[in-house]
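What follows is a single structure, written as structure tokens, with notes after it.
What follows is calculated from the coordinates using simple rules that are stated; it is not laboratory data. Just so it is clear, the model here is predicted, and its values are computed rather than measured. Methodologically, a virtual Cβ is constructed for each residue, glycine included, from the backbone with ideal geometry; neighbour enumeration extends over all protein chains shown.
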Amino acid sequence: MTIRHHEGFALWPSTHPGAFHAGLAPMRRDLIGEYVTAVRDAGLRVGLYYSPMSWRYPGYYDVTGTNCLPSTWGYTTDPAHKENVRIMKNEVYQQVKEARPTPPPVVPSA
């Protein structure tokens, strides 16, 4: 399951400031928790994918803001956007920690 796609939407209530996530109204859900519970209840293993890139941060693909091709919409990266790389990196670190499911209990073998 993709828990955050590169458009930046996270499928759980994230605590990162300014995050775009499923905990916001009107959804207010933890889709990751629901998925993990359902998969484990079915006796299956959980697989999650988190896209580290986010289109919500202009300049994420060009940290210097100088070697960027124009986008389809004619947008070019401003050198001031290099701060977005730091913000996006912090969001990634925090969200990966938040989204990591609790490991299932270890059941000793007989």
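Descriptive notes on the structure:
- Pairwise FRET efficiency - Lys97 versus Asp41, Cβ, R0 = 22 Å, nearest 0.05: 0.35
- Residues in region 14-43 reached by a label modelled at His6 [backbone nitrogen below 20 Å; 7 Å Cα→Cβ]: 20-21
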